[in-house]
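To start, the structure under review is shown below, and the notes come after it.
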Amino acid sequence: MAAAVDLVAGSDTDVLTRLGGKPALIHLPGRVDAPARLISVLLHGNEDSGFRGLCAWLRDRPVVERPLWLFIGNVRAATQHGWFAHRYLADQEDFNRVWGIEPATTRMRLCAKEVLETVTSGPLEAALDVHNNTGDNPLYAIVPRPDPATLGLAAALADIGLVWGTQEHTLMQALEGVCPAVAVECGMAGVPAHADLARRVIESFVAADGFPTTARPERLLEVRYRVEVRPEVAFDFVPRLGESLDLAIVPGLDAENFGHLPPGTLIGHTVPGGAAPLLVTDVAGVDVTDALIQVDDEGAVTLTRDVIPAMMTRTAEQTRRDCLFYVLADHG
């Protein structure tokens, strides 16, 4: 623990500077002989809450009962061109899309492989990967596999669980078959209250005596559809369509994340006479745009059915790198 406390001396940015642009894997021995737990933060360099929450927790010199692995991920992206400015850099892969890929042909895939081999060299009880969203969302846990152990872990950390059925080579998916693992999304980055929230999640994870397999989150949802802006469409989050844009997306729709958008909800405006500028696919990748989106003669882009949106972003960059939003349904 002393070495970890020394690492987090000074400010959060001092810690990043000390890491010299490289990921860090830290082991904290526990007071009891028990399977270890893993906490991962900063897989995306612009998502600061987990990193800040972890540093704040370590500075208080907590008592660690069980052994812990701590992984601090994309330090380069968090330190170049300003603090916490990039999800990942132009010469990098997404650090949460490289886990369990064989052959491991890139630096990031090799790093992920080494981390997995190290943390699974002994018994691993559970894993927590802390993230932020780029839009307004409540605290929720992403569940890669809705088995009793994983649902019990999710219930200990969040009231909302989101079953994530697609394979994207995330850290939590790479740990399937090893231990229950969830990602917890702690609201938007750059908000001090969300760093405090991440710290409380970390504290709950570390302090839990166990994760009952009879528990499940109060609200359990699953992804049904993914909504993207078509790659050829120029767009922004603005109230009206300008001459340089093909699509103007209504600002502020992220306030309805995990809520309800009724049929007829205006998503944006596109050039009259054009086809739908959005692409909607189901979890199998099948195009279902016409079942969810319509465009009228004046270019208004609206929903055709009730929707539970999630992870709707506010930025064009994040929309391009991931999607505009996901559509959810109650699970099971």
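The values are calculated or read from the model by the stated rules, or taken from the named source; none is laboratory data. All values reported here derive from a predicted model rather than from experimental measurement. Glycine gets a Cβ as well: all are built from the backbone with ideal geometry, and neighbour counts include every protein chain shown. In case anyone asks, the SASA skips ligands and DNA or RNA and just uses the protein heavy atoms, side chains included. Shrake-Rupley method; radii C 1.70, N 1.55, O 1.52, S 1.80 Å.
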**Fill in**
Sole miss for LEU266 among (1) open to solvent by 20 Å² or more (accessible area, probe 1.4 Å); (2) modelled with pLDDT of 95 or more; (3) more than 25 Å from the chain's Cα centre (by Cα); (4) closer than 19 Å to ARG226 by Cβ is condition (4)
**Message:** Here's a check for you: in the stretch 273-290, which residue that is closer than 17 Å to PRO263 by Cα and out of contact with any Ser or Thr (no Cβ under 7 Å at 6 or more places or on another chain) is least open to solvent (accessible area, probe 1.4 Å)?
**Reply:** THR289
**Prompt:** Do you know which of the residues in the stretch 118-137 that are part of a loop (DSSP other than H, G, I, E, B) and either out of contact with any helix residue (DSSP H, G or I) (no Cβ under 6 Å at 6 or more places or on another chain) or free of Cβ contacts under 8 Å to residues at least 12 places away in the same chain (or both) is nearest to VAL223 (Cα to Cα)?
**Reply:** ASN137
**Message:** Test of understanding: among TRP83, TRP99, which residue is among the aromatic types (Phe, Trp, Tyr), open to solvent by 50 Å² or more (accessible area, probe 1.4 Å) and modelled with pLDDT of 95 or more?
**Reply:** TRP83
**Asked** So which of LEU7, LEU68, LEU42, LEU54 ends up being surrounded by 14 or more Cβ atoms within 10 Å (Cβ to Cβ), touching a strand residue (DSSP E or B) at 6+ places or on another chain (Cβ under 8 Å) and at pLDDT below 95?
**Response** LEU7
**Fill in**
Given (1) within 18 Å of the chain's Cα centre (by Cα); (2) modelled with pLDDT under 95, GLY177 misses just (1)
**Asked** Does ILE26 satisfy the condition of being open to solvent by less than 60 Å² (accessible area, probe 1.4 Å), outside any loop (DSSP other than H, G, I, E, B) and more than 27 Å from ASN137 (Cβ to Cβ)?
**Response** yes
**Asked** Given the structure, is PHE211 open to solvent by less than 40 Å² (accessible area, probe 1.4 Å), within 20 Å of the chain's Cα centre (by Cα) and of a type in the set (Phe, Trp, Tyr)?
**Response** no
